[in-house]
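The values are calculated or read from the model by the stated rules, or taken from the named source; none is laboratory data. This is a predicted model, so every value here is computed, not measured. Cβ: placed from backbone, ideal geometry, glycine included. Neighbour counts: every protein chain shown.
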There are 2 protein chains.
Amino acid sequence: MSQTTVSRALNGFPEVSEKTRQVVLEAAAKHNYKPNTRARRLATGKSMTIGHLVSVSKEYELVNPIFADFIAGASARYAQSGYDLLLSLVPDEDEFTSYKELAARSTVDGVVVHTPRVDEQRIAQLNSLNLPFVVHGRSSNTLEKYNWVDVNNERSFFRATQLLIELGHTTIGLINGIAGVDFAVRRTQGYLRALKENNIELADAYVTHSEMTEPNGYKNALALLDLPDPPTAIVTSSIIMAHGIKRALDERELKLGRDVSVITHDDDLSYFRDTAAVPVYTATRSSVREAGRLSADLLLKTIADPSRDPEGILLDAELILGSSTKPPRLR
Amino acid sequence: MSQTTVSRALNGFPEVSEKTRQVVLEAAAKHNYKPNTRARRLATGKSMTIGHLVSVSKEYELVNPIFADFIAGASARYAQSGYDLLLSLVPDEDEFTSYKELAARSTVDGVVVHTPRVDEQRIAQLNSLNLPFVVHGRSSNTLEKYNWVDVNNERSFFRATQLLIELGHTTIGLINGIAGVDFAVRRTQGYLRALKENNIELADAYVTHSEMTEPNGYKNALALLDLPDPPTAIVTSSIIMAHGIKRALDERELKLGRDVSVITHDDDLSYFRDTAAVPVYTATRSSVREAGRLSADLLLKTIADPSRDPEGILLDAELILGSSTKPPRLR
DNA sequence: TAAATTTATCAAAGCGCTTTGGATATTGTC
DNA sequence: GACAATATCCAAAGCGCTTTGATAAATTTA
């Protein structure tokens with residue numbers, strides 16, 4: 001039996017009779033024959049691989065824990081379509097070089113861009129490389145067309161802040177992610193818009209930017225509590241920071257909700273799921289795993305049809321009422 | 001100029017003169033020429049890829065957050081050696097099928113096995129596949145030879161429990177990872193040995209097993225606190241669970257340290273680093289990122305020399321004194 | 001029944017590299 | 001200056017598949 005027939009039988013082409021296909025399949029199963037990935041990829045000209053380049057800040061050496069869940073969402077889709085997932089952690093300054101190299105070597109058929117900045121260079125660069133990609137998040141200052149999946153950050157944080165104001169809070173802090181990253185900027189914008197619409201003016205010190213770690217949540221919360229007029233409510237960008245904030249409140253013997261209200265963005269991380277009937281935290285919730293799934297779908301569609309017009313998918317975070325928000329205590 | 005010369009110049013073979021090598025390198029740089037990955041892999045017979053198959057429990061659908069840091073450690077080493085990292089999240093029951101397929105298709109040159117169980121089937125199976133691998137953790141009930149990198153779990157938890165006993169605690173709970181997973185079993189053994197050596201007998205109810213999430217830490221802590229004779233100290237397997245335990249204590253208006261002592265295992269996760277001069281938690285600490293690095297090194301060595309005898313690397317967790325442990329309060 | 005289609009199979013080319021086994025040019029030795 | 005040794009380069013084979021174009025067999029049509 002010829003190679004051709006075997007190949008066609010295994011790959012489901014119609015030019016082979018059902019009878020011979022069965023024979024081939026049985027023989028393949030019997031000898032545990034699977035076409036060699038490398039040869040197959042060379043012959044087809046496809047790598048059947050999606051690249052996820054996660055930038056690791058040299059300074060902090062930390063890996064954003066939301067990747068685990070994002071990738072869990074994406075990975076399932078890739079597997080369904082026969083794609084592999086290539087994960088590469090690169091020092092952030094090298095990131096574009098890495099894309100260029102992946103493209104030149106054609107190691108991957110597409111990439112997902114994580115954590116875009118407000119003025120993200122990679123988008124234009126990737127467009128010029130002609131490598132299909134999807135951005136998880138958006139980049140405010142670009143005119144490029146590109147695929148993206150994002151949460152409505154501005155609106156979510158506007159609503160969160162608005163809720164606190166409606167409860168009677170007028171001194172509200174924001175403990176945000178690092179400055180310049182697009183989602184953080186949009187969240188600040190939403191927060192500021194709510195303040196402005198309610199004629200509240202607050203000093204810059206009420207907004208902090210840092211990597212979203214527990215220690216930073218703690219540290220920044222202490223800084224806010226040390227202000228001459230400490231906030232009665234805090235909005236934050238991550239449930240991990242929220243835990244740090246909680247620790248700061250404990251240390252000052254302040255009670256979450258009663259003394260200081262907190263609203264957090266909640267990515268619905270699998271190991272931090274706020275599952276109680278009344279959630280612990282009032283939160284703007286949007287599943288990052290779902291975002292992973294959607295990004296994967298969009299990327300696979302783009303790879304299948306490269307002439308496809310770029311698409312943006314905007315997810316709306318739910319505002320979930322928990323027990324961490326109450327009217328401010330009278331002083 | 002011939003293909004041969006170019007290939008040799010680019011790959012640093014000595015059969016080419018420095019002069020021509022320069023010419024080739026310049027020309028390559030000028031045209032951004034990089035050898036095609038797929039062709040290269042077919043020609044060399046190596047995939048230059050390491051597979052990490054992370055099993056995702058169907059029931060819980062959760063991704064162990066320590067992977068992010070483990071992989072961060074490993075990834076840097078792979079990159080140095082020119083290897084890619086293939087990440088695949090597979091439903092746990094399919095895991096061996098996945099290895100078999102990777103081997104048959106020779107998609108990867110080696111794999112890392114995560115979260116082995118006490119009686120881990122995959123080890124014998126991988127040995128029979130002749131695919132180089134390293135286990136992150138160990139498997140107690142196997143006679144197979146294999147590469148592994150593990151923390152001294154038994155000893156760490158023995159020491160942690162011993163410390164609590166020395167402080168005067170006699171009723172000590174253990175909030176552990178899921179039953180049957182090797183590290184959890186060893187930790188329970190260490191805990192039980194310390195109790196036994198000090199002639200302390202406790203009912204089975206003082207040990208709980210579950211996925212290491214914040215909600216589970218909370219839930220299991222409440223269960224312990226609801227026992228007729230609630231523990232005055234708790235040992236736990238994860239800093240994420242420790243946060244859940246803390247929440248349970250808050251709810252019962254118990255103070256961490258003063259009312260209930262807690263020792264946690266601390267993987268030194270980058271977003272949960274306990275950096276204070278006096279750490280918040282007394283902990284058995286061992287960097288999972290370092291484990292990732294060591295695993296990668298070991299795997300790369302094994303790939304380079306497959307006849308190499310399997311090696312085990314045992315890391316000793318430090319016992320870090322923090323402020324979450326104090327002598328028990330008098331009742 | 002012969003010619004025209006359709007179906008089932010195959011031989012060979014090609015994917016873009018690395019590597020083997022020369023061939024040629026250069027240098028060194030007596 | 002003749003020969004050996006070495007340095008430099010190259011043509012061609014091969015990696016294990018998919019795919020193209022052709023052929024043979026089976027079926028249909030006239």
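Is it the case that A:THR325 is modelled with pLDDT of 95 or more and either assigned by TED's automatic domain parsing to the domain that holds A:ASN127 or closer than 19 Å to A:THR115 by Cα (or both)?
Details: modelled with pLDDT of 95 or more: yes; either assigned by TED's automatic domain parsing to the domain that holds A:ASN127 or closer than 19 Å to A:THR115 by Cα (or both): no.
No.
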B:LEU126: in a helix (DSSP H, G or I) and either small (Gly, Ala, Ser) or within 14 Å of another protein chain (Cβ to nearest Cβ) (or both), yes or no? no
Among the candidates B:GLY217, B:GLY190, B:GLY177, which residue alone is more than 14 Å from chain A (Cβ to nearest Cβ) and touching a residue at least 12 places away in the same chain (Cβ under 8 Å)? B:GLY190
Residue hits (the stretch A:94-116; touching a residue at least 40 places away in the same chain (Cβ under 8 Å) and in a helix (DSSP H, G or I)) are A:GLU95, A:SER98, A:TYR99, A:LEU102
Exactly one of (1) assigned by TED's automatic domain parsing to the domain that holds B:LEU85; (2) in a strand (DSSP E or B); (3) of a type in the set (S, T, N, Q) is unmet by B:THR264. Its number? (1)
Could you list, ordered by first residue, the pairs with Cβ atoms under 6 Å in which the first is in the stretch B:131-147 and among the basic types (Lys, Arg) and the second is assigned to a strand (DSSP E or B), at least 6 apart or interchain? B:ARG138/B:TRP148; B:ARG138/B:ASP150
Can you tell me which residues in the stretch B:21-42 are more than 8 Å from DNA strand C (Cβ to nearest atom) and of a type in the set (S, T, N, Q)? B:GLN22, B:ASN32, B:THR37
With the first residue restricted to the stretch A:28-39 and required to be at positive phi, and the second required to be away from DNA strand C (no atom under 16 Å from the Cβ), Cβ contacts under 6 Å at 6 or more apart or on different chains are A:ASN32/B:ALA104
Among the numbered criteria (1) among the small types (Gly, Ala, Ser); (2) within 11 Å of DNA strand D (Cβ to nearest atom); (3) at pLDDT 90 or above, which one does A:GLY51 miss? (2)
Out of (1) within 29 Å of B:LEU300 (Cα to Cα); (2) near DNA strand C (Cβ under 10 Å from one of its atoms), what's the single condition that is false for B:GLN3? (1)
Positions within the stretch B:253-288 being crowded, with 24+ Cβ neighbours inside 10 Å, in contact with a Leu (Cβ under 8 Å, 6 or more places away or on another chain) and away from every other protein chain (no Cβ under 13 Å), in sequence order: B:VAL260, B:SER261, B:VAL262, B:ILE263, B:THR282, B:ALA283, B:THR284
Quick check on B:ASP69: is it more than 11 Å from DNA strand C (Cβ to nearest atom), at pLDDT 90 or above and among the acidic types (Asp, Glu)? yes
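I'm trying to understand the selection: among the residues of the stretch A:298-331, which are charged (D, E, K, R) and surrounded by fewer than 18 Cβ atoms within 10 Å (Cβ to Cβ)? Let's see the steps before the verdict.
So in the stretch A:298-331, the residues charged (D, E, K, R) come out as A:301, A:305, A:308-309, A:311, A:316, A:318, A:326, A:329, A:331.
Passing the criteria: A:LYS301, A:ASP305, A:ARG308, A:ASP309, A:GLU311, A:ASP316, A:GLU318, A:ARG329, A:ARG331.
Take the residues in the stretch A:76-92 that are within 8 Å of chain B (Cβ to nearest Cβ) and over 18 Å from the mean Cα position of the chain (by Cα), then tell me which one is farthest from A:THR37 (Cα to Cα).
Quick first cut of the stretch A:76-92, residues within 8 Å of chain B (Cβ to nearest Cβ) only: A:76, A:79, A:84-90.
Filter again for over 18 Å from the mean Cα position of the chain (by Cα), leaving A:79, A:84.
On the way: A:ALA79: 15, A:ASP84: 11 Å.
Looking at residues that are within 8 Å of chain B (Cβ to nearest Cβ) and over 18 Å from the mean Cα position of the chain (by Cα), I get A:ALA79.
Can you spot a residue in the stretch A:224-247 that is of a type in the set (Lys, Arg), at pLDDT below 95 and not in a strand (DSSP E or B)? Please lay out each step first, then the result.
Quick first cut of the stretch A:224-247, residues of a type in the set (Lys, Arg) only: A:246-247.
Restricting the remaining residues to those that are at pLDDT below 95 gives none.
Scanning the stretch A:224-247 turns up no residue that is of a type in the set (Lys, Arg), at pLDDT below 95 and not in a strand (DSSP E or B).
Scan the stretch A:81-93 and tell me whether some residue there is within 16 Å of DNA strand C (Cβ to nearest atom) and out of contact with any strand residue (DSSP E or B) (no Cβ under 8 Å at 6 or more places or on another chain). Before the answer, list the steps.
To start, the set of residues in the stretch A:81-93 that are within 16 Å of DNA strand C (Cβ to nearest atom) comprises none.
Looking for residues that are within 16 Å of DNA strand C (Cβ to nearest atom) and out of contact with any strand residue (DSSP E or B) (no Cβ under 8 Å at 6 or more places or on another chain), one finds none in the stretch A:81-93, hence no.
Any idea which of A:LEU143, A:LEU131 is surrounded by fewer than 21 Cβ atoms within 10 Å (Cβ to Cβ) and either in a loop (DSSP other than H, G, I, E, B) or more than 16 Å from the chain's Cα centre (by Cα) (or both)?
Numbers: A:LEU131 fails: surrounded by fewer than 21 Cβ atoms within 10 Å (Cβ to Cβ).
A:LEU143 is the lone residue from the list that is surrounded by fewer than 21 Cβ atoms within 10 Å (Cβ to Cβ) and either in a loop (DSSP other than H, G, I, E, B) or more than 16 Å from the chain's Cα centre (by Cα) (or both).
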Exception for B:GLY292 within (1) touching a Phe, Trp or Tyr at 6+ places or on another chain (Cβ under 7 Å); (2) not assigned by TED's automatic domain parsing to the domain that holds B:GLU144 falls at (2)
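Please tell me if B:ALA104 is at the interface with chain A (Cβ under 10 Å from one of its Cβ atoms) and either over 17 Å from the mean Cα position of the chain (by Cα) or surrounded by fewer than 23 Cβ atoms within 10 Å (Cβ to Cβ) (or both). Explain how you work it out, then say what you get.
Details: at the interface with chain A (Cβ under 10 Å from one of its Cβ atoms): yes; either over 17 Å from the mean Cα position of the chain (by Cα) or surrounded by fewer than 23 Cβ atoms within 10 Å (Cβ to Cβ) (or both): yes.
So B:ALA104 passes the test.
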State all residues of the stretch A:1-23 that are of a type in the set (Val, Ile, Thr) and under 21 Å from B:ARG105 (Cα atoms); if no residue qualifies, say none. A:THR4, A:THR5, A:VAL6, A:VAL23
Please find, among A:ALA242, A:ALA233, A:ALA291, A:ALA248, the residue that is closer than 30 Å to A:TYR146 by Cβ, crowded, with 20+ Cβ neighbours inside 10 Å and in contact (Cβ under 8 Å) with a residue 12 or more places away in the chain. A:ALA291
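Helices (runs of 4 or more DSSP H) wholly in the stretch B:1-93 with at least 2 residues that are surrounded by 19 or more Cβ atoms within 10 Å (Cβ to Cβ) - which ones?
Details: elements: B:3-10, B:18-30, B:37-44, B:66-80.
Here the list reads B:3-10, B:37-44, B:66-80.
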Scanning the stretch A:56-70 residue by residue, those more than 7 Å from chain B (Cβ to nearest Cβ), out of contact with any strand residue (DSSP E or B) (no Cβ under 6 Å at 6 or more places or on another chain) and touching a residue at least 12 places away in the same chain (Cβ under 8 Å) turn out to be A:SER57, A:TYR60, A:ASN64, A:ILE66, A:PHE70
Is at least one residue of the stretch B:24-43 under 16 Å from B:VAL108 (Cβ atoms), facing chain A (nearest Cβ under 10 Å) and in contact with a His (Cβ under 7 Å, 6 or more places away or on another chain)? no
Neighbours by Cβ (under 7 Å, 6+ apart or cross-chain): first from the stretch B:2-21, within 14 Å of another protein chain (Cβ to nearest Cβ); second in a helix (DSSP H, G or I) and near DNA strand D (Cβ under 7 Å from one of its atoms): none
